[in-house]
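Reading through the structure tokens given below for one structure.
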Amino acid sequence: LDPEAWTEIMNEVFELLMAPIRRYEGTLARLMGDAIFAFFGAPTAHEDDPTRAVSAGLEIVDAIRAYRDGHDAELNVRVGINTGPVVVGEVGSDVRVEYTAMGDAVNVAARMEQTADPGSVQITADTAGLVRGSFDLGPARDVQVRGKEDPVVAHHVLGRARPAAGMHVSGATPLVGRDHEMSILRRAVDEAIGGRGRMVALIGEPGLGKSRLIEETRGYWSARRRAATVEPGAREWLEPHMRVWRSLFGVPEPGEEPLEGEAFRSAIMDLVPRSTRYSGEEPRMLVFEDLHWCDDASMDLLIETAKVNDDQPSLMLFAFRPDEAAPSWRLKRWLEAEYPDRSTQISLTPLSDQDSGALIDELLPDVARSDAVRAGILERTQGNPLFLQELAAAIRTDGPTDAIPPTLQALITARLDTLEGDTRRTLQLASVIGRSFDEPVLGAVAGDGSELRTRLDTLEGAGLIRRTGEREYAFHHSLTQEAAYETILLRDRRALHHQVGAAMEGLFAGRLEEFAPVLAQHFEAASDDERTLRYAGLAGDHAARLYANADAIAHYDAAIEVALRLGADADLLGHLYPARGLVLQLVGRYDEAEQTYDELREHAGRSGDGSAELQAVMSLTTLYATPTPKFDVAKGRLASQEAERLAAELGDHEAESKALWNLMNLNVYGSGDPREALEAGERSLALARELDAREQIAFTMTDLWRPYVWVGDLAAARRTLEDARPIWRELDNLPMLTENLASSANVRRFTGDDDQALALAIEARSVAESIGNLWGIAFACMASAEVYLDRGDVGGAIDLMRDAIEMGERVGFLAPLATTRAALAVVYASLGDHGGALRTVEAADEVATERLPSARPAVLMALAQIHLLAGELAEAEARLAECDVELLPEAARTQASLSVPLVEGSIALARADHDRAIEEADALVDRLDRAHLLIYRPEALLLKGRALAAAGRTSEAEGTLRQARSTAERLGHRRILWEILAELGDVVDGEERPTIVGEARDIVEAMAGALDEELRTCFLRLPQVRALLDLPSHC
């Protein structure tokens, strides 16, 4: 062919190549010799861009095949398609600029075209995953792409997928949480089939399940009625309207003028309703989806068509989004005004967390359904079933990821592209700020002035954001924020994050600690290391003070990483490393804590910084000196001695005070010498006072109470805690104030001042709750539970213990997971729930054995008591023999050591060794008297009274039991009082007995009434309770 003829052919061919691109609203980037380069998704995105691209590709292949056959030309075509992130925009110079796409995804698409078979469409696996179900695909094949180590998986597209004729294809996704909506739709189907036309409007945001409900309704309709068919004679009926069709498709008969303008509109308005009626008299189901995209003319036509329901009953389903500015909203108002009795509107709302959880269970296998994964899905999807389905599919394929599935990115981006430019830009800027954002911060970055509020109102009206305060907003879905953020170029993101950070510094200058986590995030994204370091460290300190341990660790990690990169000074590292290690200790990650301190020590050794080395050694001392799996007396003493030496060399007397404080705790928690502990603590306090080191003064005094209790000086213990309290208030250290209050409650309880103990514990919980300090809440619950238990409110005590355990689990506080669980197990056993007691104490033992060895004696003591209550005396003795209470820290050591003679005496009593039981009780009472303790005094006297009664010394038993009763009543200890009264009722004679027994019954009935049904049943089955209440033996 000569050049002119060839040019003519190529122009015709290019038109065939480009027409499908235009038809499916793609973008033609450039002509490249005998090829074209096109892309979909920009400048306007659609929810189904991958499907549009493949459809265009198939039509190109078909068009070239038809052209070749019609012109007898040797022509063929290959189409390659890939899906992935690209940079789109104007590229070039002053001489020439083109709008194009660039990136690796473009190169892969080109390779798909080069390796495709002639006359075929080849797509990557990324594209295949987005269009599967819409097209039939060939088997996977590997394609080598230059610059990629692994081959790219590709498929040839065989054609459009078609379901079998007449079949209803059920959705692969279970329909969850839509029972109410489906009941309305089924009723509408039944009414339509019964001859009464119905119209149902399904209104909901993208992804809430409009199409899924329609699909389910189609299935129900198919089950109720076969599809209607056009009757013979259609050609004759349609003949008068053929001019409309010819005008529509631009193929008029020779000499025929095509219909145009109002004439064409009128003809269409007549044709569509008529054709709808003509399809038969049988009821039909007509579905109109995505009406939010239609124009006003189409809506006029639809409303005219809907009127068919007046004389030919059918079911019409209309699906659209809640956009009052769209023509579809006119349909909603028309239905309300014209057909209120024959139309129904279903406004879809997000699924509840419960329904979302049920859908997650259906979509994800057990191994992929951890609590963290479930929580992440719930947070990101906010009850949107489509979002949830796509995230679950991505997790099944790739595992947990923060990336947005391409299907959702396309869906959300398409919606964003319907916004005007400035409004869309406002949403993008808001996405940089975060899921929640303040108007002042956004205004400082956007610089839109008075126009900003108008744009925010538009976004709120579109359902993309919602107002949460006077000038505060949040994205309706976190995925919307993520998708909007993904549309911003990386270089622009860095600049925008820096602008947001700077704006927040100015707007919240007086609240920088509160906003430190957000500021650290923005400056990290802006690659501003110095500001990232400042705010990450500040955020870590703030989170640590609130015992938000996971957050604190993350912030300290970020700060240390940046500090090492910047070569930060030793003082800063000497703060960050120990702070991180302390938080790791609080959550039970002791190996990591030790590693953190060792890293600081090594860094200090390399740099020759003695101050940082001292910080590391003191932190190691604290780790080895407190009850953790790392507790080691020998290592602790060596570290303590080294800390004292370094402190002396550096002349750091405050560090010397801290080293002595550590030595005190080493003795307290390491079964050391109580006198050495007390001496070290008092020396630490004296030195801290000389230096006026207020924080160290408070720390030492807050821990000095334990050595004082150890040596029996409860007055001094109480005084040091009371002296420390105002310092914590002055320093506004509310977590330590919480610990001080709860510790004071424990000391008060030892001396029988339960009213004050409970008041202190309640204040401790209130302070902890005010700052969200879960550790403090747990500690306060532990202190309160003991008082509740003694007072006979066993149900309330159980609730508090369970609260303490729950808080401990959430924050990694090990003491309640071991010691409180053990105490709870004993409570269960005392109520007759032996199985529950064993299960609970086994859980406590697991924690003590694996993570908190110092708590094991408390667990063994609990096991001994449980076996004793079950009458298993040998097992009780064995566990008691294993229990070395001296390994426990104060005040658990004192409390356990007081329990030992009670258990030993009770075992002796059960074996009829009355004299041994009396000896144990007398020795305990004597010890309590010498130490001015009232805790366990009623229990000791009850043990002695029981032993005297069993020995036949009734008169002495009565006197002892009356003394026990008096003590218990004075203390308000009703839990032990009913047992004392029951025993006393057995040894007294005359008219007094009914009164005593009646009082015991009243206490028992009140206790039982506060228990849950299962525990109440167990309690009322106890032999001693049945005997007291005169219940039948079969109860």
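The values are calculated or read from the model by the stated rules, or taken from the named source; none is laboratory data. Just so it is clear, the model here is predicted, and its values are computed rather than measured. Please note: Cβ atoms are built from the backbone with ideal geometry, for glycine as well, and neighbour counts cover all protein chains shown.
What pairs come out if I take residues in region 109-123 that are more than 12 Å from Ile81 (Cβ to Cβ) and in the same structural domain as His155 (by TED's automatic domain parsing) and pair them with residues that are surrounded by fewer than 24 Cβ atoms within 10 Å (Cβ to Cβ) and small (Gly, Ala, Ser) whose C-beta lies under 9 Å away, six or more apart or interchain?
Sorted first by the residue in region 109-123, then by its partner, the pairs are Gln114/Gly80; Thr115/Gly80.
The rows are residues; the columns are (1) more than 30 Å from Thr626 (Cβ to Cβ); (2) touching an Asp or Glu at 6+ places or on another chain (Cβ under 6 Å).
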residue	(1), (2)
Thr849	no, no
Ala855	no, no
Thr894	no, no
Leu902	no, yes
Ala921	yes, no
Ala931	no, no
Leu941	yes, no
Ala947	yes, no
Ala950	yes, no
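Look at region 750-794 and say how many of its residues are within 22 Å of Ala716 (Cβ to Cβ) and of a type in the set (A, V, I, L, M).
6
Based on this model, can you work out whether Gln585 counts as part of a helix (DSSP H, G or I), surrounded by fewer than 18 Cβ atoms within 10 Å (Cβ to Cβ) and among the polar types (S, T, N, Q)?
no
For region 296-310, state whether one or more residues are surrounded by fewer than 18 Cβ atoms within 10 Å (Cβ to Cβ) and part of a loop (DSSP other than H, G, I, E, B).
Scanning region 296-310, I find no residue that is surrounded by fewer than 18 Cβ atoms within 10 Å (Cβ to Cβ) and part of a loop (DSSP other than H, G, I, E, B), so the answer is no.
In region 899-913, which residues are over 21 Å from Asp884 (Cβ atoms) and surrounded by fewer than 19 Cβ atoms within 10 Å (Cβ to Cβ)?
Ala910, Arg911, Ala912, Asp913
Could you list all residues from region 597-643 that are surrounded by fewer than 20 Cβ atoms within 10 Å (Cβ to Cβ) and either of a type in the set (A, V, I, L, M, F, W, C) or assigned by TED's automatic domain parsing to the domain that holds Glu690 (or both)?
The answer is Val633, Ala634, Leu638.
Pull out all pairs, ordered by first then second residue, where Cβ-Cβ is under 7 Å, the residues are six or more apart or on different chains, the first lies in region 931-942 and is part of a loop (DSSP other than H, G, I, E, B), and the second is of a type in the set (Phe, Trp, Tyr) and surrounded by 20 or more Cβ atoms within 10 Å (Cβ to Cβ).
Leu933/Phe750; Ile935/Phe750
Within the group Leu646, Leu687, which residue is in contact with a His (Cβ under 7 Å, 6 or more places away or on another chain), in a helix (DSSP H, G or I) and surrounded by fewer than 24 Cβ atoms within 10 Å (Cβ to Cβ)?
Within the list Leu646, Leu687, the selection yields Leu687.
If you check every pair at least six apart or on different chains, which have Cβ atoms under 8 Å apart with a residue in region 445-465 that is farther than 24 Å from Gly506 by Cβ first and a residue that is outside any helix (DSSP H, G or I) and hydroxyl-bearing (Ser, Thr, Tyr) second?
Hits for this filter: Glu460/Tyr473.
Hey, which of the strands (runs of 3 or more DSSP E) in region 117-166, taking only ones fully inside, have at least 1 residues that are over 21 Å from Arg65 (Cα atoms) and of a type outside the set (Val, Ile, Thr)?
Per the criteria, 141-143, 152-160.
Yes or no, residue by residue, for (1) at pLDDT 80 or above; (2) loosely packed, with under 14 Cβ neighbours inside 10 Å:
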residue: His155; (1), (2): yes, no
residue: Gly159; (1), (2): yes, yes
residue: Ser170; (1), (2): no, yes
residue: Asp179; (1), (2): yes, yes
residue: Leu185; (1), (2): yes, no
residue: Ala188; (1), (2): yes, no
residue: Glu191; (1), (2): yes, no
residue: Gly194; (1), (2): yes, yes
residue: Arg198; (1), (2): yes, no
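Identify the residue in region 435-472 that is within 23 Å of the chain's Cα centre (by Cα) and buried (at least 20 other Cβ atoms within 10 Å of the Cβ) and, among all such residues, is farthest from Ile377 (Cα to Cα).
Only one residue tops the list, namely Phe437.
Quick check on my filter: what residues within region 978-1011 are assigned to a helix (DSSP H, G or I), over 17 Å from Ala968 (Cα atoms) and acidic (Asp, Glu)?
The answer is Asp986, Glu992, Glu1005.
Restricting attention to region 20-36, which residues are touching a residue at least 24 places away in the same chain (Cβ under 8 Å) and in contact with a Leu (Cβ under 8 Å, 6 or more places away or on another chain)?
Ile21
Applying the selection to region 652-678, what residues are within 16 Å of Gln696 (Cβ to Cβ) and surrounded by fewer than 17 Cβ atoms within 10 Å (Cβ to Cβ)?
Across region 652-678, the qualifying residues are His653, Glu654.
Can you tell me which residue among Leu427, Leu331, Leu411 is in contact (Cβ under 8 Å) with a residue 12 or more places away in the chain, touching a strand residue (DSSP E or B) at 6+ places or on another chain (Cβ under 8 Å), crowded, with 21+ Cβ neighbours inside 10 Å and under 30 Å from Ala306 (Cβ atoms)?
Answer to the check: Leu331.
Considering only residues that are among the β-branched types (Val, Ile, Thr) and touching a residue at least 24 places away in the same chain (Cβ under 8 Å), look in region 346-377 and name the one that is surrounded by the fewest Cβ atoms within 10 Å (Cβ to Cβ).
By that ranking, first place goes to Thr349.
From the residues in region 189-212 that are part of a loop (DSSP other than H, G, I, E, B) and more than 28 Å from the chain's Cα centre (by Cα), which one is nearest to Leu331 (Cα to Cα)?
Gly197
Say we look at region 713-762 and pick out the residues that are of a type in the set (Val, Ile, Thr) and closer than 21 Å to Ala785 by Cβ; which of these is surrounded by the fewest Cβ atoms within 10 Å (Cβ to Cβ)?
Ile762
Hey, does region 943-950 have a residue that's modelled with pLDDT under 95, surrounded by 19 or more Cβ atoms within 10 Å (Cβ to Cβ) and within 56 Å of the chain's Cα centre (by Cα)?
Taking every residue of region 943-950 in turn, none turns out to be modelled with pLDDT under 95, surrounded by 19 or more Cβ atoms within 10 Å (Cβ to Cβ) and within 56 Å of the chain's Cα centre (by Cα).
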